[in-house]
Amino acid sequence: MILDHNYNPLRIHHVGIIMPDMEQAKRFMEKFGMPEDYTSYVPNYQANCIYLKSGDGSVIELIIPDGGALKAFNRGHGGLHHIAIEVDDIVETQRFFETNQMELLENEPVDCDSGILINFLQLRFGEGVMVEFVQRKTDGEVV
């Protein structure tokens, strides 16, 4: 099994929160003392992403959509959107879930300009939780 916790412990990559606009995202960052680590833009989802630093190494991603389906998430109010799990091989992860009759959102992983490949498990298979799979890349190459 791809996500066998006895073989490969679950690794949380980040938690994704949708913010309706940049002003709200900045207020959130200031209020909780979380400075920006880096940003990216994901054209597939029409979203600006701000990754925040935290003292314990955990990561929060603030997602600011500039259109598309994410703009309407939670009636436009934003909120907690997903939990991202880091995997070694996103293509193998997709094959595993598809073999077990569970679909991912995209046919192919989405290549983000922040050095990761991503794909989401269809919500109906995540027991009510939107789950994103993340594979890190180095120097533009998949690790």
message = Residues that are out of contact with any Phe, Trp or Tyr (no Cβ under 6 Å at 6 or more places or on another chain), under 28 Å from Pro109 (Cβ atoms), part of a helix (DSSP H, G or I) and among the charged types (D, E, K, R): does the range 51-71 have at least one?
response = yes
task = Mind listing whichever residues of the range 95-143 are out of contact with any strand residue (DSSP E or B) (no Cβ under 7 Å at 6 or more places or on another chain), closer than 20 Å to Gly16 by Cβ and part of a helix (DSSP H, G or I)?
result = Leu123, Arg124, Phe125
ask   = Gly79 passes all but one of (1) touching a strand residue (DSSP E or B) at 6+ places or on another chain (Cβ under 7 Å); (2) surrounded by 13 or more Cβ atoms within 10 Å (Cβ to Cβ); (3) not hydrophobic (A, V, I, L, M, F, W, C); which number fails?
value = (2)
inquiry  = Test of understanding: among Phe28, Phe97, which residue is buried (at least 17 other Cβ atoms within 10 Å of the Cβ) and under 18 Å from Glu132 (Cβ atoms)?
reply    = Phe97
task = State the number of residues belonging to the range 41-53 that are more than 15 Å from Met19 (Cα to Cα) and without any contact (Cβ under 8 Å) to a residue 60 or more places away in the chain.
result = 2
ask   = Only one residue in Glu92, Glu23 is in a helix (DSSP H, G or I) and within 17 Å of Glu132 (Cα to Cα), so which one is that?
value = Glu92
message = Could you go through the range 18-26 and let me know if any residue there is of a type in the set (Val, Ile, Thr) and modelled with pLDDT under 95.
response = no
task = Could you grab the pairs with beta carbons closer than 6 Å, sequence gap of 6+ or different chains, first residue in the range 13-40 and in contact (Cβ under 8 Å) with a residue 60 or more places away in the chain, second one charged (D, E, K, R)?
result = His13/Glu86; His14/Glu61; Gly16/Glu61; Ser40/Asp113
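The values are calculated or read from the model by the stated rules, or taken from the named source; none is laboratory data. Everything numeric here is computed off the predicted structure, so don't read it as measured data. Reconstructed Cβ throughout: ideal geometry from the backbone, glycine too, with neighbour counts over all protein chains shown.
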